[in-house]
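Notes for the one structure printed next.
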Amino acid sequence: MFTVDMDLPALPPLAPRLQAPQPGWAETTDVVVVGSGVAGLTAALHLREAGLHVTVVTKVNIDDGSTRWAQGGIAAVLDPYDTPAAHARDTLVAGVGLGDPTAVDVLVNEGPTRVRELMRWGAEFDRNPDGSLMLTREGGHHANRIVHAGGDATGAEVQRALHAAVRRDPWIRLVEHALVLDLLRDGAGRACGVTLHVLGEGTEEGVGAILARAVVLATGGMGQVYAVTTNPVVSTGDGVALALRAGATVTDLEFVQFHPTALVTETDASQQPLVSEALRGEGAYLRDGDGKRFMIGQHDLAELAPRDVVAKAIHRVMLAEDSTNVWLDARHLGAEFLESRFPTIMTSCRAAGIEPTTGLIPVAPAAHYASGGARTDLHGRTSIPGLYACGEVACTGVHGANRLASNSLLEGLVFARRIATDIAGDLPAQRDPVFEDVRQWAVDSAVRRPLQQAMSRGAGVLRSQDSLADVAATLTQLGEQRARPNVASWEAANLVTVAAALVAAASGRRETRGCHWREDYPAAGEEWRGHLLARVTPAGALIEDWEPMP
């Protein structure tokens, strides 16, 4: 039997709780949903349909998460000539042997119904002159199955529709400007609420508690562990860090998808504009510094190969040319088409002084999506009773080693509904939390930028044993820098937590697979078809276990 060598680099000691005052106030609800993107709001709406009272907690404003930034669209079988089996096949191919076929079947078979449901809630997608849905392709898809809105503003339209539907329901309480800190558990170990910091509420520090009969994590991703990402500044891995501190199982954190084409600008901002894959789906080409289309001959889909293939190819060109970007050529698509189909991208480019109708667009890979997260079953249940997860914070098994383009919004829609159904079918009475005396921490917010830079250097697109060891040493040093508890220091602690778990997983997986690229182990091995499972002990130790695929 294959045994993973767990000789991991030394990592910073973690803590099972953030340093914070005891809750100075509390309120009670049936279900607390943490996050207000497509997964969180969809879960809230379905929970309300089941007659439950719901509190939605969001970090800043309801629309500040990753959903509204999604450009390409939602992948679903809405063309009568397409099939769920074909969508499943493309999804599993992109996942490079680590996708769960059962979870994928759930996604592709239930997906069309969820998209139509989203339209009933008010989402308006682009249509052809005859009224039929306008469908396009993205990388890894062998059929036109991407529904989109506003050309390249699908996420904004999805967020608008869900936001409006939530606002119409008086029994959904929305708590904005609230950072969730830690999970509350009863004497039997079941989740029974969360602690959180709400600006201006309760005690001077603003720390309180929401007691609930079930908790749904829908906090999004953790792109802010890298120096350059398409994720908003709020994406600091709060949900994964909370799950780890609570002792939940987290998996596949090494599989961070780098979007091949983020716009390269001269700004120092960590969030860079996305140049949607749909632009390549409509016929744009990737060119190197000499003007050559370098994806020809590397994959049968050329520029529309799966994202890991394209990102690696771009990275190789950048290394060979010692450059900061390659070039995306959309000039031949015409000004009229670009203006109507990709208004968001055109605005971003022009704001950076780039004119796509006459010039090339500078692009490079950027951290985009975490395929791993809190491990769940087909009903969104984590390893902790009463704690659910959906969306990017979760690992449902559908993405494997690399997410297929435009499956992310679909996953949020499908598994949010399944979570709501499971909760409504078996919701226990409210129980009181037990507060244990455990190690707590908050980390100096000044570590954020050096952490991001270290992660991009050594745990980004290209990784090796030496580079990961260097990152681990940096994380250990940064994790020792304590600070007075506040929002910035809690976010810093979350970043150190998820970065440490990611580096451990990337060190443990000694192969190249999907969006995990080890230059010292350049091939994929059949013996590595399995998952690295991470958890944090009550003493703060990060433990990695190996689970082979069935």
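The values are calculated or read from the model by the stated rules, or taken from the named source; none is laboratory data. Predicted, not measured: the structure shown is a model, and the values here were computed from it. Backbone-built Cβ (ideal geometry, glycine too); neighbour counts: all protein chains shown.
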> What are the residues in segment 35-85 that are in a strand (DSSP E or B) and either free of Cβ contacts under 8 Å to residues at least 40 places away in the same chain or among the hydrophobic types (A, V, I, L, M, F, W, C) (or both), if any?
Replying inline: Val54, Val56, Val57, Ile74, Ala75
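Among the residues of segment 111-155, which ones are part of a helix (DSSP H, G or I) and crowded, with 18+ Cβ neighbours inside 10 Å? Spell out the reasoning first.
If we filter segment 111-155 for residues that are part of a helix (DSSP H, G or I), which is where we start, we get 111-120, 154-155.
Correct list: Gly111, Pro112, Arg114, Val115, Leu118, Thr154, Gly155.
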> Which of the following residues is in contact with a Lys or Arg (Cβ under 9 Å, 6 or more places away or on another chain) and either surrounded by fewer than 22 Cβ atoms within 10 Å (Cβ to Cβ) or outside the structural domain of Leu41 (by TED's automatic domain parsing) (or both): Leu179, Leu183, Leu92, Leu174?
Replying inline: Leu174
>> Out of everything in segment 43-77 that is among the hydroxyl-bearing types (Ser, Thr, Tyr) and in contact with an Asp or Glu (Cβ under 9 Å, 6 or more places away or on another chain), what residue ends up being nearest to Val180 (Cα to Cα)?
In response: Thr58
>> Given (1) of a type in the set (S, T, N, Q); (2) without any contact (Cβ under 8 Å) to a residue 40 or more places away in the chain; (3) under 18 Å from Gly289 (Cβ atoms), identify the lone condition not met by Asn325.
In response: (2)
> Looking only at segment 211-245, which residues are surrounded by fewer than 24 Cβ atoms within 10 Å (Cβ to Cβ) and either out of contact with any helix residue (DSSP H, G or I) (no Cβ under 7 Å at 6 or more places or on another chain) or closer than 24 Å to Thr58 by Cβ (or both)?
Replying inline: Leu211, Arg213, Pro232, Val233, Val234
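Can you tell me how many residues in segment 471-486 are assigned to a helix (DSSP H, G or I) and crowded, with 17+ Cβ neighbours inside 10 Å?
Going residue by residue through segment 471-486, those that are assigned to a helix (DSSP H, G or I) are 471-479.
Cutting the leftovers down to crowded, with 17+ Cβ neighbours inside 10 Å gives us 471-472, 474-475, 478-479.
Residues that pass the stated criteria total 6.
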>> I need the full set of residues from segment 309-352 which are among the small types (Gly, Ala, Ser), modelled with pLDDT under 90 and surrounded by 18 or more Cβ atoms within 10 Å (Cβ to Cβ), in order please.
In response: Ala311
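Of the residues Ala446, Ala424, Ala429, only one is out of contact with any Pro (no Cβ under 9 Å at 6 or more places or on another chain), in a loop (DSSP other than H, G, I, E, B), farther than 22 Å from Phe255 by Cβ and at pLDDT 90 or above; which? Write out each step before concluding.
Details: Ala446 fails: in a loop (DSSP other than H, G, I, E, B); Ala424 fails: in a loop (DSSP other than H, G, I, E, B).
Answer to the selection: Ala429.
Go through segment 487-529 and give me each residue that's assigned to a strand (DSSP E or B) and without any contact (Cβ under 8 Å) to a residue 60 or more places away in the chain.
Within segment 487-529, Arg518 is the sole residue that qualifies.
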